[in-house]
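Here the structure is laid out as structure tokens; the discussion comes afterwards.
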Amino acid sequence: MITSLDRYQVVSVYPQTEEDAALIHWFVEKLQLDQWTNSKILGAPVDIMMSSRQAASFTNIIKAKGIPTKIKIKDVQRLIDEEASLLQNVTKRQSRDFDHTAYHELDTIYGMLDQVATKFPDMVTSYIAGKTYEGREIRVSAISTGGEGTKEVIWIDCGIHSREWVAISTCQYILDQLTSGVGKDETTDSLLDQYDFHIMTVANPDGYVYTWLPSGNRLWRKNRVLNKGFLKCHGVDPNRNFDSDFGGPGTSDNPCVEIYHGPSAFSEAESSAIRDSILNLGGRVSMFITIHAYSQLWMTPYGYTQDLPASYEDQYRVAEIGVKALTAVHGTEFSYGNIASIIYEAAGGSIDWLYDSAGVQFAFALELRDTGEYGFFLPPEQILPVGEETWAGIIAAIKAHKK
């Protein structure tokens, strides 16, 4: 499933001051460590994956500075191996119907999308938003109960960072709920009376396939383009590639790191597919939601600056309502607010471009479960509860954003 990560760990570091945070950032950049999470809230954990040897040196230095640390995942490879064992059984029982008990490979997911379009031909249509560097389709499922393209649109995309598997499973869950609930669930009928939904279930197909390959990397984040002059360094982070302060804070011009922004804004098929799909909808998009994992956050613009957008008060109000509804389902607690304040400054992100350039007032980025116990390896038994709580939060947000 991955190039061996034997003896790799995830270390949580708890910066107490801005100087602590700057020191941690310096280590990550200097050693090119894989930083899984960040936080602008002092005392909140920053999760970093590193080898056991690096962890020993790193924690000694950090502790000497008085910064608390904790080994959050002692053996990354063990989690990968356990997940791989479960996936072997899933492969043997592949289904064309939605299955929210397991993670699925891209071909199986696309088979599910084909099946739902066949099962609900008057309601679901599929279109190709773009093609990736490796030639894969970037698909969107459009769900509508009529109106000839006059209704406002709720856009949801998942998995622009390929290792975030539970995000992709959540898009599958939402699509299933919208289609199976028609005529049976008043809330679903009411939503579809008012809105069309466009769902991009796998926003980064090449990267996602690579996380499944025996010769691949389960923790791959970027797409799979070959960067000129860097034959050993593949990939661009598509969520640093939008034209929103492109190349600004929280990005890198080094093709070998996880947050490489690419050679130019919208140079990548994945970001361009989202941009073109939104623009082709001709101003009908009422809400944009991009789903990630992990950290349990509901985030609003901006990422590239500490300045707040003019619509922030309304965005914050809707985010709060969405989070309360989400938490009410299974008790999962989320933080909410603008990206730059609750995690870090990050330029080139989709929701900032949606707000600034596409005129979508309500653009949100969600980071799903958990807070680091499993990280990117959330057990499959949590797929269904994650879908349930996330969809409840999104429903509440949709209802609230028009008030």
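Read-outs: derived from the displayed coordinates by stated rules, not from any lab. Bear in mind that the values here come from a model prediction, so they are computed numbers and not experimental data. In this analysis, Cβ positions are derived from the backbone assuming ideal geometry, glycine residues included, and neighbour counts consider all displayed protein chains.
Of the residues Ala167, Tyr208, Cys233, the one whose Cα sits farthest toward the positive end of the charge dipole of the chain, with +1 on the Cβ of Lys and Arg and -1 on the Cβ of Asp and Glu, is Cys233. The angle between the Cα long axis of helix 383-400 and the longest principal axis of the Cα atoms of the chain comes to about 60 degrees, rounded to the nearest 10.
Each label was represented as a point 7 Å from its Cα along the Cα-to-Cβ direction; for Ile61 and Lys74 these points are 2.6 nm apart.
Distance from the alpha carbon centroid of region 154-227 to that of region 246-292 works out to 16 angstrom. Dividing the summed -39500 (n - 2.57) terms of all DSSP H runs of n ≥ 4 by the residue count of the chain sets its mean residue ellipticity at 222 nm at -12000 deg cm²/dmol. Helix 18-31 and the long axis of the chain differ in direction by around 90°, with both axes built from C-alpha atoms. A straight chain from Arg7 to Asp114 at 0.36 nm per residue would run longer than the Cα-Cα distance by 34.4 nm.
Counting 0.36 nm for each residue step from Ala84 to Thr125 and taking away their Cα separation leaves a gain of 11.4 nm.
Placing a label point 7 Å from the Cα of Asp193 along the Cα-to-Cβ direction, the residues of region 116-152 whose backbone N falls under 20 Å from that point are 123-124, 143-152. Normalising the average separation of contacting C-alpha pairs (under 8 angstrom, six or more residues apart) by the number of residues puts the relative contact order of region 8-74 at 50 percent. Computed from the C-beta positions of Gln306 and Asp97, the FRET efficiency with R₀ = 45 Å rounds to 0.45. Among DSSP beta bridges lying fully in the chain, give the percent that are antiparallel, nearest 5. Approximately 50 percent, going by the DSSP bridge assignments. In the chain, the longest principal axis of the Cα atoms and the axis of helix 269-280 are about 30 degrees apart. Under the classification rounded if a/c is under 1.5, otherwise prolate if a/b is larger than b/c and oblate if not, where does region 8-74 fall, given a ≥ b ≥ c as square roots of the Cα gyration tensor eigenvalues? Verdict is rounded for region 8-74. Please give the FRET efficiency for Ala22 paired with Lys324, using the beta carbon to beta carbon distance and R0 = 35 Å, rounded to the nearest 0.05. So, using R0 = 35 Å, E works out to roughly 0.50. Placing dummy labels 7 Å off each Cα toward the beta-carbon, the span from Leu213 to Asp243 is 3.2 nm. The fraction of Cα-Cα pairs per 10 angstrom bin, counted from 0 for region 182-227, comes to 24, 28, 15, 25, 9 percent, rounded to whole percents.
Relative contact order, whole percent, for the chain stands at 17, derived from Cα pairs under 8 Å and 6 or more residues apart.
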